[in-house]
1. So which residues in region 145-160 are assigned to a helix (DSSP H, G or I) and either touching a residue at least 60 places away in the same chain (Cβ under 8 Å) or touching a Phe, Trp or Tyr at 6+ places or on another chain (Cβ under 6 Å) (or both)?
2. For GLU82, indicate whether it is on the phi < 0 side of the Ramachandran plot, assigned by TED's automatic domain parsing to the domain that holds ARG42 and at pLDDT 90 or above.
3. For the list (1) out of contact with any Cys (no Cβ under 9 Å at 6 or more places or on another chain); (2) closer than 30 Å to VAL129 by Cα; (3) modelled with pLDDT of 85 or more, I need the number of the one condition that THR26 fails.
4. Of all residues in region 115-135, which are loosely packed, with under 15 Cβ neighbours inside 10 Å, assigned to a helix (DSSP H, G or I) and either under 19 Å from the mean Cα position of the chain (by Cα) or of a type outside the set (D, E, K, R) (or both)?
5. In this structure, does PRO34 turn out to be under 19 Å from the mean Cα position of the chain (by Cα), at pLDDT 90 or above and not in a helix (DSSP H, G or I)?
6. Kindly indicate the residue of region 70-82 that is within 18 Å of the chain's Cα centre (by Cα) and either polar (S, T, N, Q) or exposed (fewer than 14 other Cβ atoms within 10 Å of the Cβ) (or both) and also nearest to CYS48 (Cα to Cα) among those meeting that condition.
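The values are calculated or read from the model by the stated rules, or taken from the named source; none is laboratory data. This is a predicted model, so every value here is computed, not measured. With ideal geometry, Cβ positions are generated from the backbone for all residues, glycine too; neighbour counts draw on all protein chains shown.
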Amino acid sequence: MWKRSLLAVLVVALVWSAWRAELAATPQRQVLPPGPMQDKARLLCLACHDARIIVQQQLDRRAWERVMDKMIRWGTPVPAEERDALVDYFAQNFSVPPERAEKPELAAGPGAAKVKAACLGCHDAGVIVEQRLERRDWQALLEKKIRWGMEIAPADRGEILSYLARHYAATPPAKGPR
């Protein structure tokens, strides 16, 4: 009898430890913050994707409205009377951080207009400017965004990729002669 009780205690302790370790390994911003629409956002949004997609956005209210409307078009059952409250929740919790209040501009050059048209409907230029990725990582990111619904004409993909890899490389090119 006592062996079963000890075994049960050990199992509970192991499960609890594993849960705590997983929770500790999860960055704090990867969960939706408390608020009046947290449960509704969790129910509607996290049924299809994890919180990282929401957390990384950093959008203003106007952009969150576009995202919400896109999600509704894709079939998310958002009640009409809750749409604005959800947009408010996302805009309040996942907007452009104060340190990026002055929105950076994309570098000028071939492909900049296509990047603006494809990317800036969902986030500001700061999200791109702060990235430093290898060409293959930019390509993987573009492919992921396309799977998520970003519309890029197949003929424009190469130019967009070249622009991003040239201007926002993992190791920026040296300036001037050495």
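1. Within region 145-160, no residue meets the criteria.
2. On the way: on the phi < 0 side of the Ramachandran plot: yes; assigned by TED's automatic domain parsing to the domain that holds ARG42: yes; at pLDDT 90 or above: yes.
Criteria met by GLU82.
3. Result: THR26 fails condition (3) only.
4. Correct list: LYS116, ALA117.
5. On the way: under 19 Å from the mean Cα position of the chain (by Cα): yes; at pLDDT 90 or above: yes; not in a helix (DSSP H, G or I): yes.
In short, yes.
6. Going through the qualifying residues, I end up with THR76.
Here's the yes/no breakdown for (1) under 30 Å from VAL78 (Cβ atoms); (2) among the polar types (S, T, N, Q); (3) in the same structural domain as ASP39 (by TED's automatic domain parsing); (4) modelled with pLDDT of 80 or more:
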residue: ALA107; (1), (2), (3), (4): no, no, no, yes
residue: LYS116; (1), (2), (3), (4): yes, no, no, yes
residue: ILE128; (1), (2), (3), (4): yes, no, no, yes
residue: ALA153; (1), (2), (3), (4): yes, no, no, yes
residue: PRO173; (1), (2), (3), (4): no, no, no, no
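Each row is one residue, and each column tells you yes or no for (1) aliphatic (A, V, I, L, M); (2) in contact (Cβ under 8 Å) with a residue 40 or more places away in the chain; (3) within 20 Å of GLN131 (Cβ to Cβ).
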| site | (1), (2), (3) |
| --- | --- |
| LEU46 | yes, no, no |
| TRP74 | no, yes, no |
| PHE90 | no, yes, no |
| ALA113 | yes, no, yes |
